[in-house]
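Working notes, structure below.
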Amino acid sequence: MAAAAILQLLQGANGGRLARAQRATLSWFESSAGRPPVAVDEAVIAAYANAHWRQLRRLLRHRDDRVRHAALWAMTMTRRSDLAVPILELLVEQRHFSTHDFAYAAATRGGEALVAGFEHVALHGRGRRRLFAIECLGMTRGGAPAVAALARVVRRHGFAKGVLNALYNVADVGVVPIAARALTDGDPAVRMDAMAAVLGGLEAVRGKLRLAGRADLTRRVLTALADPRTWREGNDPWASLLGFGVDVLQKLGARALLPFLRRCLRQGVHADHQQELAEIERKLRTRSRRRPVVGRALGKKVPLRASRSDRVVLLPVARRVVGFPC
């Protein structure tokens, strides 16, 4: 029933006139959810979209944003590799904030298949079109191909606007060495975004972290946090830079975290950070003093595993809120 209602909506919009029942279906495409709030037979929608691709492309210029959203959503059901261009067209000509959600959700549904299309525009496009292509590369969650594409964008354009955001959104450990290069940038806002991207890559790891160049990354993180304003200021970019940095050092299991926290507390920290940093420092200090209990299993030493109460609480300062360009 839902699929039939959407088909009637798209057919009516192509004909230039919507019946009352079809106008009611429009409400499914006016929220920021990026998809209808009802279960839909996607195969039916995909078959229609493949057969009426040109008509749906024309609907992307419809005066009603809800019709544009419905058309793009229907096109995403096909998983076609040439979907990148319609997504960018909708983003460049967006009229309402919810268009972001439908367009970026479409990039995520398209996934790895759309990477090549977005990369071409990210490398050779201009202005807002290139910016949105860079953002969409991250939103594809396209794994290694998306990481490689973003690396090529960095080689050509450097850390242009949107690149660090895309590296964060792609959610792959492969972005870590790329984003880490921006940790030495002179702008603290750039360092904050780079630290968030590094953290996003580390958080994408499932299981034990195996990362080459861990010592070098630790040094880069500590250098990025070296400015005393990082722990003395209570506002962004400094506050988030500190929070992301502490999280990264904990993910890396860096022994340098404890001396860093002691230095912050000794030199004086902002009141918003005092309690959290002191608590993390106390738990790390307690853990470092505890001697492991050694047993023997298959001839190997087995250290005592930390209990739940020993785990370090992450710094609850400003967290990453991914924003998209308007």
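Remarks
- Helical mean residue ellipticity (222 nm; -39500 (n - 2.57) per DSSP H run of 4+; nearest 500) of the chain: -18500 deg cm²/dmol
- Pairwise Lys count, the chain - Cα closer than 25 Å, eight or more residues apart or different chains: 7
- The range 1-78 shape via C-alpha gyration tensor axes, a/c threshold 1.5: rounded
- Cβ-to-Cβ counts within 10 Å put Asp185, Asp172, Asp216 in ascending order as Asp216, Asp185, Asp172, the fewest first.
- Tilt relative to the chain, helix 143-157 - C-alpha long axis, 0 to 90 degrees, to 10: 90
- Arg126/Ala33 FRET efficiency (R0 56 Å; Cβ-Cβ; nearest 0.05): 0.95
- Extension gain for Ala148-Asp185 works out to 11.1 nm (0.36 nm per residue, less the C-alpha to C-alpha distance).
- Relative contact order for the chain: 10 percent, from Cα pairs under 8 Å spaced at least 6 residues apart, divided by residue count.
- Per-residue Karplus couplings for the range 266-276, computed as 6.51 cos²θ - 1.76 cosθ + 1.60 with θ equal to phi - 60°, are listed in order as 5, 7, x, 10, 5, 4, 5, 9, 3, 5, 5 Hz, Gly and Pro entered as x.
- Each eigenvalue of the Cα gyration tensor of the chain, multiplied by 5 and square-rooted, gives one semi-axis; in descending order these are 46, 21, 19 Å.
- Listing Ile178, Ile134 from fewest to most neighbouring C-beta atoms within 10 Å gives Ile178, Ile134.
- On Cα atoms only, tilt of 98-110 relative to the major axis of the chain in degrees: 80
- The ranking of Met192, Met77, Met1 from fewest to most other beta carbons within 10 Å of each one's beta carbon is Met1, Met77, Met192.
- Local electrostatic count, Ala103, Cβ distance below 13 Å [Lys/Arg +1, Asp/Glu -1]: +1
- Label-point separation, Ala171 to Gln267 (7 Å along Cα→Cβ), nm: 3.6
- Degrees separating the helix 127-139 axis from the principal Cα axis of the chain, which is the longest one: 70
- Using 0.36 nm per residue and subtracting the Cα-Cα separation, the extra length available between Ala51 and Ser81 on full extension is 9.2 nm.
- Gain on full extension, evaluated as 0.36 nm per residue between Glu112 and Arg229 minus their Cα-Cα distance, stands at 38.1 nm.
- For the range 1-78: relative contact order, % (alpha-carbon pairs under 8 angstrom, 6 or more apart): 35
Throughout, read-outs are computed from the coordinates displayed, never taken from laboratory work. Worth saying up front: this structure is predicted, and the values here are computed from it rather than measured. For neighbour counting, all protein chains shown are included, and Cβ atoms are generated from backbone atoms with ideal geometry for every residue, glycine included.
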